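**Q** Would you mind keeping the following structure in view while I ask a few things?
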Amino acid sequence: MVKNSFISVISQEENRGSVEFQVLSFTNKIRKLTSHLQLHKKDYLSQRGLRKILGKRQRLLAYLSKKNRVRYKELICQLDIRETKTR
């Protein structure tokens, strides 16, 4: 899969401070929490945590789209994330 190869490329770099790595880790947490919440629908504390992580990822993606549009587009495609709405 494309996602797994992208994860290994970023892990080899060991650049944990990069925006791409942070978005990747947030995306993994979001996917894990989403699958958890499908089983436990009334786990409101996890829902709150999910919303916080979504907000952080959204802010990082907004920053990346302002700074480097090409890297933003590549990251969106590789992680299979919808593009953020622009106002």
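**Q** Let me cross-check Leu60: its accessible surface, 1.4 Å probe, with only protein heavy atoms counted, in Å² to the nearest 10?
**A** 30
**Q** Just the number, please: carbon plus sulfur as a percent of the accessible area of segment 31-87, 1.4 Å probe, no ligands or DNA/RNA counted.
**A** Accessible surface attributable to carbon and sulfur in segment 31-87 totals 52 percent.
**Q** Also, I was wondering about something else. Could you give the length gained by full extension between Arg48 and Thr34, i.e. 0.36 nm per residue of separation minus their alpha carbon distance, to one decimal place?
**A** 3.9 nm
The values are calculated or read from the model by the stated rules, or taken from the named source; none is laboratory data. The model shown is predicted, which means the values in this text are computed figures rather than measured ones. SASA here: full protein model, heavy atoms, side chains in, ligands and nucleic acids out. Shrake-Rupley method; radii C 1.70, N 1.55, O 1.52, S 1.80 Å.
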